[in-house]
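One structure is given below, encoded as structure tokens.
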Amino acid sequence: MGHHTFDAGKAAKLEDAAARYQSVSREELLWGLDLTGAETVVDLGSGTGFYTDDIAPHADRVYAVDIQEEMHDHYREKGVPENVELVTSGIEDLPFDDDELDRAVSTMTYHEFATDEALAELARVLASGGRLVVADWSADGTGEDGPPLSERFSEREAATALEDAGFEIEFRATRPETFLIVGTRR
């Protein structure tokens, strides 16, 4: 399961606010991240920066991580906030020090990187007590939008994998097509 990478040729589709906020809203992400304005946040699979732009005004620094340089090119054309740094990297080999980050968010990208190695790497770079917010397509959905059902995880599968990687799950919810998980690194 998993490991579907979004086609960078369709990047403009990622700027459709009505469709994106139907999957996960700005308010849900900000609630889950619980930012004070002093945090360093990593957006995992940031794509065109749609959600990064929502987070940036509420954080000290944001790293927009994407494996596709083409996504960063699109973000540059759109305009990158001053407190956002673009990082081209996979999640299994993040270029951050141990415990460097205060918050992490993955919006509709968990299915692209969900391996034991990537989750261990995420736990390595997120400080103890740091918060993680994951919103993704649910394997319990219909599959009409997003990746095929065979490439998705259920909320239960994702929560179990995150717990195994060292996260305490504080909130979890399944919706018709997506799930939302908020956890804290132990």
- Item | Residue in region 85-92 that is under 14 Å from Ser106 (Cα atoms), modelled with pLDDT of 95 or more and β-branched (Val, Ile, Thr) present | yes
- Here are some residues: Ala56, Ala64, Ala38. Which one is assigned to a helix (DSSP H, G or I) and of a type outside the set (Lys, Arg)? Ala56
- Just to be sure, is Gly47 within 13 Å of the chain's Cα centre (by Cα), small (Gly, Ala, Ser) and modelled with pLDDT under 95? yes
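Here's the yes/no breakdown for (1) over 21 Å from Arg20 (Cα atoms); (2) in contact (Cβ under 8 Å) with a residue 40 or more places away in the chain; (3) surrounded by 15 or more Cβ atoms within 10 Å (Cβ to Cβ):
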{"position": "Asp102", "(1), (2), (3)": "yes, yes, yes"}
{"position": "Thr109", "(1), (2), (3)": "no, yes, yes"}
{"position": "Ala120", "(1), (2), (3)": "yes, yes, no"}
{"position": "Pro148", "(1), (2), (3)": "no, yes, no"}
{"position": "Ala165", "(1), (2), (3)": "yes, yes, yes"}
{"position": "Glu177", "(1), (2), (3)": "no, yes, yes"}
{"position": "Ile181", "(1), (2), (3)": "no, yes, yes"}
- Message: Among the residues in region 116-136, are any farther than 20 Å from Glu168 by Cα and part of a helix (DSSP H, G or I)?
- Response: no
- Task: For Asp93, indicate whether it is open to solvent by less than 60 Å² (accessible area, probe 1.4 Å), over 21 Å from Phe50 (Cβ atoms), among the acidic types (Asp, Glu) and out of contact with any Pro (no Cβ under 9 Å at 6 or more places or on another chain).
- Result: no
- Query: Checking Glu85 against (1) in contact with a Phe, Trp or Tyr (Cβ under 7 Å, 6 or more places away or on another chain); (2) among the charged types (D, E, K, R); (3) without any contact (Cβ under 8 Å) to a residue 60 or more places away in the chain; (4) farther than 22 Å from Ile55 by Cα, which single condition isn't satisfied?
  - Reply: (4)
- Query: Which members of region 55-73 meet the condition of being open to solvent by less than 20 Å² (accessible area, probe 1.4 Å) and not β-branched (Val, Ile, Thr)?
  - Reply: Ala56, Ala59, Ala64, Asp66, Met71, His72
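The values are calculated or read from the model by the stated rules, or taken from the named source; none is laboratory data. The structure presented is a predicted model; accordingly, all values stated were derived computationally and were not measured. Methodologically, a virtual Cβ is constructed for each residue, glycine included, from the backbone with ideal geometry; neighbour enumeration extends over all protein chains shown. Heads up: the accessible areas ignore ligands, DNA and RNA and are worked out on the full protein's heavy atoms, side chains in. Shrake-Rupley method; radii C 1.70, N 1.55, O 1.52, S 1.80 Å.
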